[in-house]
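The values are calculated or read from the model by the stated rules, or taken from the named source; none is laboratory data. The structure displayed is predicted, hence computed values, not measured ones. Cβ sites come from the backbone with ideal geometry, for glycine too, and all protein chains shown count toward neighbours. When the accessible area is computed, the model is the full protein with side chains, heavy atoms only, and any ligands, DNA or RNA have been set aside. Shrake-Rupley method; radii C 1.70, N 1.55, O 1.52, S 1.80 Å.
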Amino acid sequence: MGSEIRNLWLQWLAQLEQVASGFLQPLSATHPLVILPLNIAGFWLALKIYRRTGTPILHPVVGGSLLVFAGLLLLGVDFTGYQQGSGLLYLLLGPAVVALAIPLKQNLVMVRRAGWPLMLGLLVGAVLAPLVAVVIALLLGGSHTVLVALATKSVTTPVALALTEQMNGIHSLAAGVVAFTGIVGAVFGPSLMRLLGVHDERVTGFTLGINAHAIGTVRALEISALCGAFSALAMGLCGALTALLLPVLTST
């Protein structure tokens, strides 16, 4: 365990060095000093619009993504260039996900009371969420890269990218599928749960965490700290379970 933590730490330091070197490059459309302000401005404007309208369809992740996409089109920047310019944000994804454990700790008593029913729901949800998408893609003749991306669709971005690299998938496709899954879950998930007659915030949060990962957890935190805690728990456990089982299943 100690060696694994040391390797992860060294890997993070190597990524930090790479991000720092990006700031030393000549100024261009893909430079971090261009891409990072574009990301911040896009999200800020989208958040203003969302708070003014209050409609889930204009969630900041949706609106911000569209605004950033429009900016990238104007600048003529492709995904590779955007990824390079957003290196600092990618680097901070891991710590940001870990920070979601704060509401979980604050509601740990409630989580312990749910216990085994949560574990059963996690096993069913973590298996069915990607399985349904993969089976549909197989029936439609999806390629290996598409299947890999769909298999990682219900885990948060850092886990999905790591699994995609291990299974020789395409990072951009996996990131797009993960983002789309999270956005759809965050926008329509709470309304769908109410339509089904589910009003328990614990169930709503757990469902969002399994199906919409970090984006769904942010939406759950808007509902309540309790809902966010159960969503963070589901997201973490689903990511860990997927990371353990998916490479084994794909190698057999």
Once normalised by the length of the chain, the mean sequence separation of its alpha carbon contacts under 8 Å that are 6 or more apart gives a contact order in percent of 17 percent
Extension length gain for I57 and L192 (0.36 nm per residue less Cα distance), in nm, is 47.3 nm
When every protein chain stays in place and a 1.4 Å probe is rolled, I170, I40 sorted by accessible area with the largest first are I40, I170
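Expressed as a whole percentage, what fraction of the accessible surface of segment 141-203 belongs to carbon and sulfur atoms when a 1.4 Å probe is rolled over the protein heavy atoms? Could you put the intermediate results ahead of the total?
Details: 2000 of 3000 Å².
Ligands and nucleic acids excluded, carbon and sulfur give 67 percent.
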Helix 2-23: inclination vs the chain longest Cα principal axis, degrees, rounded to 10, gives 40 degrees
What the Cα atoms of the chain span along the principal axes, largest first and in whole Å, is 55, 50, 43
Connecting every pair of Cα atoms under 10 Å apart in the chain and solving the GNM, the largest mean-square fluctuation among S172, S21, S154 falls on S21
Helix 201-223 sits off the longest principal axis of the Cα atoms of the chain, rounded to the nearest 10 on a 0 to 90 degree scale, by 30 degrees
Under a 1.4 Å probe, counting only protein heavy atoms, L128 has an accessible area in Å², nearest 10, of 90 Å²
Of every Cα-Cα pair in segment 154-252, the percentage lying beyond 24 Å is 24 percent
FRET efficiency for L33 and L93 from the Cβ-Cβ distance with R0 = 25 Å, rounded to 0.05, comes out at 0.80
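Net charge within 13 Å of P60 by Cβ-Cβ distance, Lys/Arg positive one each and Asp/Glu negative one each, not counting P60 itself?
Details: positive: K48, R51, R52, R219; negative: E222.
Residues near P60 contribute +3 overall.
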Measure of exposure for W9: accessible area at 1.4 Å probe, Å² rounded to 10, is 140 Å²
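What FRET efficiency, computed as 1/(1 + (r/R0)^6) with R0 = 30 Å and r the Cβ-Cβ distance, is obtained for E222 and A70, rounded to the nearest 0.05? Please report the intermediate quantities before stating the final value.
Details: r = 25 Å, r/R0 = 0.84.
Efficiency, from the Cβ-Cβ distance: 0.75.
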Comparing T145, T181, T53 in a Gaussian network model of the chain (Cα, 10 Å), the one with the largest mean-square fluctuation is T53
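So, for the chain, what is the accessible surface per residue at a probe of 1.4 Å, expressed in square angstrom? Don't skip to the end; give the middle numbers.
Working: 14340 Å² over 252 residues.
With the other protein chains kept in place, the chain gives 57 Å² per residue.
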The summed charge of the L226 Cβ neighbourhood (under 11 Å; Lys/Arg +1, Asp/Glu -1) stands at -1
